[in-house]
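Scroll down for the structure; my scribbles are underneath it.
The values are calculated or read from the model by the stated rules, or taken from the named source; none is laboratory data. Just so you know, these numbers come straight off a predicted model, no measurement behind them. Reconstructed Cβ throughout: ideal geometry from the backbone, glycine too, with neighbour counts over all protein chains shown. Ligands, DNA and RNA are excluded from the accessible area calculation, which covers all protein heavy atoms including side chains. Shrake-Rupley method; radii C 1.70, N 1.55, O 1.52, S 1.80 Å.
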Amino acid sequence: DPSNDIFTDTIHVWNNIAVRRPLIETFTSSTCGPCAPANVTAEALFAQNPGAFTSIKYQADFPGLGDPYFTLEGGNRRGYYAINSVPRMEIDGGWDQNGNNITQEVLDDYISVLTFVNLSATYSINIKTIEVDITIDPFENIQSNNLVVHAAIIEETTYNNVQNNGETQFEHVVKKMLPDDNGTSIPSLTGGQQSTLNLNYTFNGNYRLPANSTQPINHSIEHSVEDFSNLMVVVW
């Protein structure tokens, strides 16, 4: 029918795109039986994709008396996602499933999402003080009143929080969020205009291993860092 052979579409052209590195937030506990195989599944996949993602883990305050390395900030993150079961995994704040369900296909799907902000950071550790320098480089305008930069200090591997689920080591355990679980609000972003953010935190007092999650670390007077040279920083 030549009388209606008209087609209209919209083409989007971007100046640039960034390499996406999905954020994988895992809620787990050393008192949770199903968490052990879920962590094994996830870590096996992570080992096959070095540098392609970012993994952090919040130790939960259940089942039972919960993980000794539970923090109130981690509990608030769980509340933010309305999570009531572990193991639970959030990928870029969207994929909400049991960690046993993560696959290469799922990870690849998130890696392929178009990204228009290049977020980079460096950190340094001086005894018990961690300093973080963050650069936000937007390629396009991002207008929003709800933009927040989150940062978390994590310990690459911990051992002292062993309980009853058979796990003997725990990877990427969140120790402290900067400045807390609310993050740092930032204004709307303008394409081509870089901005920077500087954060720092000094761990107070001495190490304490809580008996369980009912006695969480009080960051104002103590910490649960097993090895300060084993700390890392995650920014999103």
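Suppose the filter is more than 13 Å from Gln59 (Cβ to Cβ), touching a residue at least 40 places away in the same chain (Cβ under 8 Å), surrounded by 14 or more Cβ atoms within 10 Å (Cβ to Cβ) and within 20 Å of the chain's Cα centre (by Cα); does Leu197 pass it?
Yes: the conditions hold for Leu197.
Among the residues of region 118-146, write down those that are in contact with an Asp or Glu (Cβ under 9 Å, 6 or more places away or on another chain) and either among the charged types (D, E, K, R) or under 24 Å from Lys175 (Cβ atoms) (or both).
Leu119, Ser120, Ala121, Thr122, Tyr123, Ser124, Ile125
Name the one entry in Asn161, Asn146 that is at pLDDT 95 or above, closer than 30 Å to Cys35 by Cβ and in a loop (DSSP other than H, G, I, E, B).
Asn161
Could you check region 11-128 for helices (runs of 4 or more DSSP H) lying wholly inside it with 3 or more residues that are surrounded by 16 or more Cβ atoms within 10 Å (Cβ to Cβ) and under 14 Å from the mean Cα position of the chain (by Cα)?
72-80
Kindly indicate the residue of region 141-160 that is of a type in the set (S, T, N, Q) and under 20 Å from the mean Cα position of the chain (by Cα) and also least open to solvent (accessible area, probe 1.4 Å) among those meeting that condition.
Per the stated criteria, the residue is Thr158.
Please find, among Leu189, Leu209, the residue that is under 26 Å from Trp14 (Cβ atoms) and touching a residue at least 24 places away in the same chain (Cβ under 8 Å).
Result: Leu189 is the single residue among Leu189, Leu209 that is under 26 Å from Trp14 (Cβ atoms) and touching a residue at least 24 places away in the same chain (Cβ under 8 Å).
Please name all residue pairs, on different chains or six or more residues apart, with Cβ atoms under 8 Å, provided the first residue is in region 217-236 and is in contact (Cβ under 8 Å) with a residue 40 or more places away in the chain and the second residue is of a type in the set (Asp, Glu) and surrounded by fewer than 19 Cβ atoms within 10 Å (Cβ to Cβ).
Asn230/Glu156; Leu231/Glu156; Met232/Glu156
When Gly183 is evaluated against the numbered criteria (1) surrounded by fewer than 16 Cβ atoms within 10 Å (Cβ to Cβ); (2) in contact with a His (Cβ under 9 Å, 6 or more places away or on another chain), which criterion, by number, is the only one it fails?
(1)
Report, by residue number, each residue of region 144-181 that is of a type outside the set (Gly, Ala, Ser), over 21 Å from Met232 (Cβ atoms) and touching a helix residue (DSSP H, G or I) at 6+ places or on another chain (Cβ under 9 Å).
Asn165
Report whether or not Pro138 is free of Cβ contacts under 8 Å to residues at least 60 places away in the same chain, open to solvent by less than 50 Å² (accessible area, probe 1.4 Å) and of a type outside the set (Gly, Ala, Ser).
Yes: the conditions hold for Pro138.
Of all residues in region 15-34 being among the hydrophobic types (A, V, I, L, M, F, W, C) and in contact with a Phe, Trp or Tyr (Cβ under 9 Å, 6 or more places away or on another chain), which is farthest from Ala52 (Cα to Cα)?
Cys32
Within region 85-96, identify whether any single residue is in contact with a helix residue (DSSP H, G or I) (Cβ under 6 Å, 6 or more places away or on another chain), modelled with pLDDT under 95 and within 24 Å of Asp181 (Cα to Cα), and answer yes or no.
no
Suppose we filter Tyr201, Tyr159, Tyr207 for residues that are farther than 27 Å from Ile17 by Cα, aromatic (Phe, Trp, Tyr) and out of contact with any strand residue (DSSP E or B) (no Cβ under 7 Å at 6 or more places or on another chain); which single one remains?
Only one candidate qualifies: Tyr159.
Does Pro22 satisfy the condition of being within 25 Å of Lys176 (Cβ to Cβ) and in contact with a Cys (Cβ under 8 Å, 6 or more places away or on another chain)?
It is false that Pro22 is within 25 Å of Lys176 (Cβ to Cβ) and in contact with a Cys (Cβ under 8 Å, 6 or more places away or on another chain).
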